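Read the structure below first, then the notes.
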Amino acid sequence: MLPLVALVGRPNVGKSTLFNALTRSRDALVHDQPGVTRDRNYGVCRLDPEAPFAVVDTGGIAGEGVHLETQGLAGATARQARSAAEESDLVLFVVDGREGASALDDEILAWLRKTARPTVLVINKIDGMDETTVRSDFARYGFSDVLAVSAAHRQGIDELLEEILARL
Ligand code: GDP
Ligand code: MG
């Protein structure tokens, strides 16, 4: 069985964009039919063909439009995100570098700590941002491993891949 990496984070931070960046090759993007793979939650990252791993996007597990904000952390989405995280070998805690740390990020981090899975902080949307400023905003979370990426522009994905593979 492939090792499993879970993408966890509040809505709109770019989990699905990162999922696509990790699991879709250029060829797959061209050949995919719109709507067929869009809502897929599990995929395989083959960016390093020698070291494939499974990826789960926990955000869409209970379907589109179901948000942690409206459901609360006791809701079905949160429960399923939690069990996906618990089953994973590595969690990527994804946050939004443009918006900075929010109360919901704090809350998600609190339950992530309870799962005690190895976790890497991934600050997304750093395109056009000052990386030092963005990183300092999340410094209080105390992560030793922090990756700054732009999933939409495939920026920092190689470094992220390297970090993931070193942890699996
Ligand atoms: P999710 O709810 O966490 O799955 O977030 P999505 O992947 O659906 O992305 C939410 C929004 O953020 C979309 O409008 C994306 O186009 C945008 N987004 C995602 N990644 C980036 C990024 O790296 N940079 C910028 N500027 N926008 C991004
Ligand atoms: Mg999503």
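Structure notes:
Matching residues to (1) within 15 Å of ligand 1 (Cβ to nearest atom); (2) out of contact with any helix residue (DSSP H, G or I) (no Cβ under 6 Å at 6 or more places or on another chain); (3) at pLDDT below 95; (4) not basic (K, R):
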{"residue": "K114", "(1), (2), (3), (4)": "no, yes, yes, no"}
{"residue": "V134", "(1), (2), (3), (4)": "yes, yes, no, yes"}
{"residue": "R140", "(1), (2), (3), (4)": "no, yes, no, no"}
{"residue": "F143", "(1), (2), (3), (4)": "no, yes, no, yes"}
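- Pairing residues of segment 142-168 that are free of Cβ contacts under 8 Å to residues at least 12 places away in the same chain with residues that are assigned to a helix (DSSP H, G or I) and buried (at least 16 other Cβ atoms within 10 Å of the Cβ), at Cβ distances under 6 Å and at least 6 apart in sequence or on separate chains, gives no pairs at all.
- Residue in segment 25-39 that is at pLDDT 90 or above and open to solvent by less than 30 Å² (accessible area, probe 1.4 Å) present: no
- In segment 49-59, residue nearest to G14 (Cα to Cα) [restricted to those that are away from ligand 2 (no atom under 16 Å from the Cβ) and either of a type in the set (V, I, T) or open to solvent by less than 50 Å² (accessible area, probe 1.4 Å) (or both)]: A54
- Residues that are more than 26 Å from M1 (Cβ to Cβ) and either surrounded by 16 or more Cβ atoms within 10 Å (Cβ to Cβ) or in contact with a Ser or Thr (Cβ under 9 Å, 6 or more places away or on another chain) (or both), drawn from segment 87-112: V95, D96, G97, A101, L104, D105, I108, L109
The values are calculated or read from the model by the stated rules, or taken from the named source; none is laboratory data. As the structure is a computational prediction, the values presented were derived from the model and not from experiment. So basically every Cβ, Gly included, is an ideal-geometry build from the backbone, and we count neighbours across all protein chains shown. Remember, those area values only see protein heavy atoms, side chains included, never the ligands or the DNA or RNA. Shrake-Rupley method; radii C 1.70, N 1.55, O 1.52, S 1.80 Å.
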